[in-house]
Amino acid sequence: MTMLEAVGLSKTYRGGDGGELNVLDGLDLSVARGEIVAIVGASGAGKSTLLHLLGGLDYPTQGEVRVNGTPLVAASSASAIDPGSRRIDKTADAALSMLRNKSIGFVFQFHHLLREFSAVENVMMPLLIGGADPAAARPRAESLLERVGLAGRMTHRPSELSGGEQQRTAVARALAASPSVLLADEPSGNLDHANSERLHSLLVELARDFDIAMAVVTHNRSLARRAHRTLLLEDGKLRATDIDEVVAS
């Protein structure tokens, strides 16, 4: 079953000189439940832009993104941003934020944990933002931290955790609201080899055990090899590729 789908996705930026830069050009993508798709490509090809569109963090110039059959653009009312005035429809934007909170988990290269809160409090945060009762949010957060191997580190603050532990906390946080889709942007890009491999194994296990669709932007060949499919982003479109044929950039 397709959980994440992009249809005819385009993104155009207007430069200071008035010229247009087409980053994505009618791109199509589908990711099934339990599947990991690795997205690779040269620096500047638009991989992070694509991930932001897939997660509803930015709006496409054309096309549509659907999560579990629900259009993200429709949730934000495509007209949420007027291209001319850049006015934001607050009601539509709130609807998009709610859908994003419940359906999509994000993992970035840098963990973005809140320094003043413990690991378990960081993992609870998406649930609390979504209106969950703290009494229910805490057991969920503790269960996820245990699942990622941090049962003994729950009360530690980020400064007391290693880089690998911080990123695994971020993964647990991404799963807190039981999303159907997880998006990861260079998740092991800031880790050493040993911690990278541990994280890669964890992501594979989580996609299988939680039955979620996972799209991962990466330059790491080891992670790409663990994916079910590897797609190359080039000239604004995606095509299937063999990771060993892609020159790291």
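About its Cα centre, the chain has a charge dipole of approximately 440 debye under the convention of +1 per Lys or Arg Cβ and -1 per Asp or Glu Cβ, with nothing else charged.
Over the chain, calculate the relative contact order: mean separation of alpha carbon pairs under 8 Å at least 6 apart, over the residue count, as a percent.
29 percent.
Indicate the gyration tensor shape class of region 199-245 (rounded, prolate or oblate), computed on the Cα atoms with a ≥ b ≥ c the square roots of the eigenvalues: a/c under 1.5 is rounded; otherwise a/b larger than b/c is prolate and the rest oblate. Judged from the Cα gyration tensor, region 199-245 comes out prolate (a/c at least 1.5, a/b above b/c).
Using helices alone, what [θ] at 222 nm do you get for the chain, with -39,500 (n - 2.57) per DSSP H run of 4 or more residues, divided over all residues and rounded to the nearest 500? All intermediate terms of the calculation are to be shown ahead of the outcome.
Numbers: 8 runs with 86 residues, N = 249.
Mean residue ellipticity, 222 nm, calculated: -10500 deg cm²/dmol.
Taking amide H as placed 1.01 Å from N in the peptide plane, Ala32 has its amide H under 5 Å from the amide H of Met3, each at least 5 places away in sequence or on another chain. Placing unit charges on the Cβ atoms of the charged side chains and taking the dipole of region 2-245 about its Cα centre, the candidate lying farthest along the positive direction among Asn22, Ala32, Leu232 is Ala32. If the segment from Arg14 to Met98 were pulled out straight at 0.36 nm per residue, it would be longer than the present Cα-Cα gap by 27.3 nm. The packing ranking of peptides 106-117, 196-207, highest mean first, is 196-207, 106-117, where packing means the average number of other beta carbon atoms within 10 angstrom of each residue.
Within 10 Å of each residue's Cβ, count the other Cβ atoms and sort Met98, Met154, Met1 from fewest upward. Fewest-to-most ranking of Met98, Met154, Met1: Met1, Met98, Met154. Shown for the chain: lysine pairs separated by 8 or more places, or found on different chains, whose C-alpha atoms are under 21 Å apart, numbering 4.
Need one word for the chain: rounded, prolate or oblate. Basis is the Cα gyration tensor (sqrt eigenvalues a ≥ b ≥ c); a/c below 1.5 gives rounded, then a/b vs b/c decides. Oblate shape, in that a/c is at least 1.5 and b/c is the bigger or equal ratio. Here region 29-74 and region 177-249 have alpha carbon centers that stand 14 Å from each other.
GNM remark for the chain: springs join alpha carbons under 10 Å apart, and the peak mean-square fluctuation among Ala141, Ala177, Ala151 falls on Ala151. Positive end of the dipole of the chain (Cβ unit charges, origin at the Cα centre): among Asn122, His193, Leu50, the Cα lying farthest that way belongs to Asn122.
Against the main long axis of the alpha-carbon atoms of the chain, helix 163-174 sits at an angle near 70°. In terms of surrounding Cβ atoms within a 10 Å radius of their Cβ, Lys102, Lys11 rank from fewest to most as Lys102, Lys11. Relative to the dominant Cα principal axis of the chain, helix 134-147 is inclined by about 90°.
Arranged by the count of other C-beta atoms within 10 angstrom, fewest first, what order do Arg138, Arg14, Arg208 take?
On the way: Arg138 18, Arg14 10, Arg208 13.
Least to most surrounded, the residues fall as Arg14, Arg208, Arg138.
Computed from the coordinates by the stated procedures, all read-outs in this text should not be read as laboratory data. Just so you know, these numbers come straight off a predicted model, no measurement behind them. When we count neighbours, we look across all protein chains shown, and the Cβ atoms used for this are built from the backbone with ideal geometry, even at glycine.
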